[in-house]
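Undergrad: Quick one: structure below, then a few questions.
No lab work stands behind these numbers, since they all come straight from the coordinates. Model, not experiment: these values are computed from the prediction. Cβ placement follows ideal geometry from the backbone for every residue including glycine, while neighbour counts extend to all protein chains displayed.
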Amino acid sequence: MAISTHNQGPSKGTLYEVLELILDRGLVIDAFVRVSLLGIEVLTIDARIVVASIDTYLRYAEAVGRVNLDTPKAGVPELIKAHETKSAIEGAVETLGGQLGSFLSQSAQQEPAREPRGPKEGKR
Amino acid sequence: MTDHSETSVAGTTSVKATSLYVYGIIPAANAGEWPSVAGVGGPVASVWALEVGELAALVSALPPDRTPGRREDLNAHREVLSLAVERGTVIPLRFGMVMEGEDVVRERLLGRHRPKLIELLRTLDGHVQMAVRALYAEGALLGGAIEGDAEIARLSAVVQGRSEIESRPERIALGERVAAAVDARRAQDEQVLLDQLTPLAADLRVEPGGSERVALNAQLLIRRDRRVALDEAVRDLGSALEGYLAIRYIGPLPPYSFSAMSLEAGEE
């Protein structure tokens, strides 16, 4: 069973990841804005615009050559459906597993109870 | 006209008011034991709660000639608000709000906008913001998007082995078709991800991805008592989509995306 992905709680995020929220969201009163943003990280906000252009097309055309066209690739809808089926089967197996099954689902339920502490541990 | 040679609004004459950096607004009920943490300007700039009625502004003193904007200032802003959301409800202000003295904070922020602020605090009460970003694995979007497209396969074969100059029209046609396929695929993936998350959120904002590899960039306003359910849903998505999409899950954040309004400063 997939044990590896079981513990992924949220993280606090890096400064870069929340930068746009800090600089561009939140309550604002224009008359009182006083900022002088220094440093390169701020520039990345303007660098996010992706323009569909001839260059992009040519780049795609180039990239297509490197992809194997015959490999079937499941997208989000298919993957979620597959996962749901898998979880249902796993759930059924656990129910049948009796003692062991109920032990597993109990410890799985206890896990989220500790969640609120999890995110803060990442960074100081 | 009234005599204004002497400023005596509230009895105190602040000749030179201290500039205050303002982080956010919390209910005064939660302001009581606000811990003294370092704010913008380092350990000397201790954060405190300036209370007016049922509202309190989180502020710290800022030297008058100081303009916030350094990396450590951004971090301080983030840390203070992150502490505030840990302790309860907060309306985060955008980075860089500086007001000249306590009276200005009292009158032009807390006083003037009292009804709006109380209403917003009520809306946000018991909620936090969580960010969910989904990023395609290398090649996953392109591979999935062009799969089974006969025209792309045909054009791709035509282009193979021919120089770029020689096959330029075909390359552009191919790339154009691929771009459309990629867009459609991304839109579909985004929608399905949203279908999974939306039922859990009290409110949700989809932000621009910022990169071709971003399938979803969503900010969720979520009730604190529904966090466990959201954590679980995101974890499930993460394992279902492993190898195709990587999920980045960030929070709890102050509700920046749900406080994004502009207030009027009013006359002096």
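Undergrad: Would you kindly calculate the translational diffusion coefficient of chain B, applying Stokes-Einstein with the Kirkwood radius from alpha carbon pairs, for 20 °C and a viscosity of 1.002 mPa s, and quote it in µm² s⁻¹ without decimals? Write down the numbers at each step before the final one.
TA: Values: Rh = 22.1 Å.
Taking Rh from Cα pairs, D becomes 97 µm²/s.
Undergrad: Could you list B:PHE95, A:PHE32 in order of exposure, starting from the residue whose Cβ has the fewest other Cβ atoms within 10 Å?
TA: A:PHE32, B:PHE95
Undergrad: Only helices at least 30 Å long along their axis, Cα-based, and averaging 0.0 or more on Kyte-Doolittle count here, so list those DSSP H runs from chain B.
TA: Within chain B not a single helix satisfies the rule.
Undergrad: Something else: Averaged over peptide B:170-178, how many Cβ atoms belonging to another chain are found within 10 Å of each residue's Cβ? List each step's numbers first, then the result.
TA: Values: counts 1, 8, 5, 2, 7, 13, 6, 4, 8.
What the average comes to for B:170-178 is 6.
Undergrad: Hey, another quick one. Can you tell me the length gained on complete extension of the stretch B:ILE165 to B:ARG122, counting 0.36 nm per residue apart and subtracting the Cα distance?
TA: Here the segment from B:ILE165 to B:ARG122 would lengthen by 9.2 nm.
Undergrad: Calculate for chain B the 222 nm mean residue ellipticity that helices alone would give, adding -39,500 (n - 2.57) per DSSP H run of length 4 or more and normalising by residue count, nearest 500 deg cm²/dmol.
TA: About -11000 deg cm²/dmol.
Undergrad: Give me the distance between the Cα centres of the stretch B:215-268 and the stretch B:79-110, rounded to whole Å.
TA: Cα centroid to Cα centroid, the span is 21 Å.
Undergrad: Gaussian network model of chain B, Cα springs within a sub-10 Å range: biggest mean-square fluctuation belongs to which of B:ALA56, B:ALA233, B:ALA218?
TA: Comparing B:ALA56, B:ALA233, B:ALA218 in the GNM, the peak value goes to B:ALA233.
Undergrad: Using a Förster radius of 41 Å, what is the FRET efficiency between B:ALA246 and A:LEU58 based on their Cβ-Cβ separation? Nearest 0.05, please.
TA: Computed FRET efficiency for B:ALA246 and A:LEU58 comes out at 0.90.
Undergrad: Please average, across the residues of B:142-155, the number of beta carbons from any other chain that are within 10 Å of each residue's own beta carbon, and give a whole number.
TA: For this peptide, the per-residue mean of nearby foreign Cβ atoms is 4.
Undergrad: Shielding of B:76-86 by partners, i.e. mean partner chain Cβ atoms within 10 Å per residue?
TA: So the per-residue partner count for this stretch is 2.
Undergrad: So if each residue of separation counts as 0.36 nm, and I subtract the Cα-Cα distance between B:ALA153 and B:ASN75, what length gain in nm does that give? Walk me through the intermediate numbers first.
TA: Values: separation 78, 0.36 × 78 = 28.08 nm, distance 4.94 nm.
That works out to 23.1 nm of additional length.
Undergrad: Say we join alpha carbon atoms closer than 10 Å with springs in a Gaussian network model of chain B; which of B:LEU50, B:LEU142, B:LEU230 then has the biggest fluctuation?
TA: Sorting by GNM fluctuation, first place goes to B:LEU142.
Undergrad: For the stretch B:62-118, what class follows from the C-alpha gyration tensor (a ≥ b ≥ c being the square roots of its eigenvalues): rounded when a/c is under 1.5, otherwise prolate if a/b is larger than b/c, else oblate?
TA: Values: a/c = 2.63, a/b = 1.14, b/c = 2.31.
Oblate is the answer for the stretch B:62-118, as a/c is 1.5 or above yet b/c matches or exceeds a/b.
Undergrad: A further question follows. By how many nm would the segment from B:VAL228 to B:GLU54 lengthen if fully extended, with 0.36 nm per residue of separation less the alpha-carbon distance?
TA: Length gained between B:VAL228 and B:GLU54: 59.6 nm.
Undergrad: Now, a different point. Take each of the peptides B:26-32, B:83-89, average the number of other beta-carbon atoms within 10 Å over its residues, and list them starting from the highest. Walk me through the numbers on the way to the answer.
TA: Numbers: B:26-32: 16.4, B:83-89: 18.7.
By packing density, highest mean first, the sequence is B:83-89, B:26-32.
Undergrad: Based on other C-beta atoms within 10 Å, arrange B:ASP231, A:ASP30, B:ASP103 from fewest to most.
TA: With the fewest neighbours first, B:ASP231, A:ASP30, B:ASP103 line up as A:ASP30, B:ASP103, B:ASP231.
Undergrad: Could you list B:SER211, B:SER82 so that the one with the fewest beta carbons within 10 Å of its beta carbon is first and the one with the most is last?
TA: Ranked by crowding around the Cβ, least crowded first: B:SER211, B:SER82.
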